[in-house]
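Shown next, in structure tokens, is the structure this report addresses.
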Amino acid sequence: MIRTFFVIHFPWIAWMAAITIQSSFPGIPIPKLGLTFQDKILHFLVFGFLGLLITRGMQHIKYRLIQERPVLTAVMLGCFFALTDEIHQAFVPARSAEVLDWVADFAGIVVFSYLYSLWYNRRQKKLAASE
């Protein structure tokens, strides 16, 4: 049980903690890559990875209702966390809460969760067919 927690659930909890810690520092400069909406792309990727990790965790949880709807659970949990992170940033000096950041977070969570779920389900079908 402890091994399952560390392999399945610890990664998404640790990623949330890392996001929260990083959001607590005032104004961390991001290297300029010359991309339009670079910060939104970063939000999309960081929270997309969170969505993937949450979906992975929810597919292995013991509660059937959650296990059958891992993407929905990941989107709800991830988007609530993203909202609280944006609100938290409003209170950090040299940071701001932006609706478009939250939209990018939401989009990343939805896309990565869905794509991971598709991959996982196809993998499970291939494994079942090979047995």
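The values are calculated or read from the model by the stated rules, or taken from the named source; none is laboratory data. Bear in mind the structure is a predicted one, so any value in this text is a computation, not a measurement. Here the Cβ is made from the backbone with ideal geometry for all residues, glycine too, and neighbour counts use every protein chain on show. Surface areas here come from the heavy atoms of the whole protein model, side chains and all, with no ligands, DNA or RNA. Shrake-Rupley method; radii C 1.70, N 1.55, O 1.52, S 1.80 Å.
Name the residue that is nearest to the chain's Cα centre (by Cα), counting only residues in region 12-50 that are at pLDDT 85 or above, among the β-branched types (Val, Ile, Thr) and open to solvent by 50 Å² or more (accessible area, probe 1.4 Å). Step by step, filter region 12-50, then rank; the result is 13. Cβ separations smaller than 6 Å between residues 6+ apart or across chains give no pair from region 26-52 residues that are under 27 Å from residue 75 (Cα atoms) and without any contact (Cβ under 8 Å) to a residue 40 or more places away in the chain to residues that are in a loop (DSSP other than H, G, I, E, B) and among the hydroxyl-bearing types (Ser, Thr, Tyr). Residues of region 98-112 include at least one that is assigned to a loop (DSSP other than H, G, I, E, B), open to solvent by less than 80 Å² (accessible area, probe 1.4 Å) and free of Cβ contacts under 8 Å to residues at least 60 places away in the same chain.
Look at residue 95 and say whether it is surrounded by 11 or more Cβ atoms within 10 Å (Cβ to Cβ), farther than 28 Å from residue 6 by Cβ and touching a Pro at 6+ places or on another chain (Cβ under 8 Å). Yes, satisfied.
Only a single item in (1) without any contact (Cβ under 8 Å) to a residue 60 or more places away in the chain; (2) open to solvent by 80 Å² or more (accessible area, probe 1.4 Å) is not met by residue 86, and it is number (2). The residues listed here are 9, 60; of these, the one that is open to solvent by 60 Å² or more (accessible area, probe 1.4 Å) and touching a His at 6+ places or on another chain (Cβ under 9 Å) is 60. Among the residues making up region 16-36, those that are outside any loop (DSSP other than H, G, I, E, B) and within 21 Å of residue 98 (Cβ to Cβ) are 16, 18, 19, 20, 21, 22, 23. Take the conditions assigned to a helix (DSSP H, G or I), open to solvent by less than 70 Å² (accessible area, probe 1.4 Å), in contact with a Lys or Arg (Cβ under 7 Å, 6 or more places away or on another chain) and of a type outside the set (A, V, I, L, M) and apply them to residue 120. Does it pass? Spelling it out, it is not the case that residue 120 is assigned to a helix (DSSP H, G or I), open to solvent by less than 70 Å² (accessible area, probe 1.4 Å), in contact with a Lys or Arg (Cβ under 7 Å, 6 or more places away or on another chain) and of a type outside the set (A, V, I, L, M). Just one of (1) within 23 Å of residue 30 (Cβ to Cβ); (2) in contact with a Ser or Thr (Cβ under 8 Å, 6 or more places away or on another chain); (3) open to solvent by less than 30 Å² (accessible area, probe 1.4 Å) fails for residue 75. It is (1).
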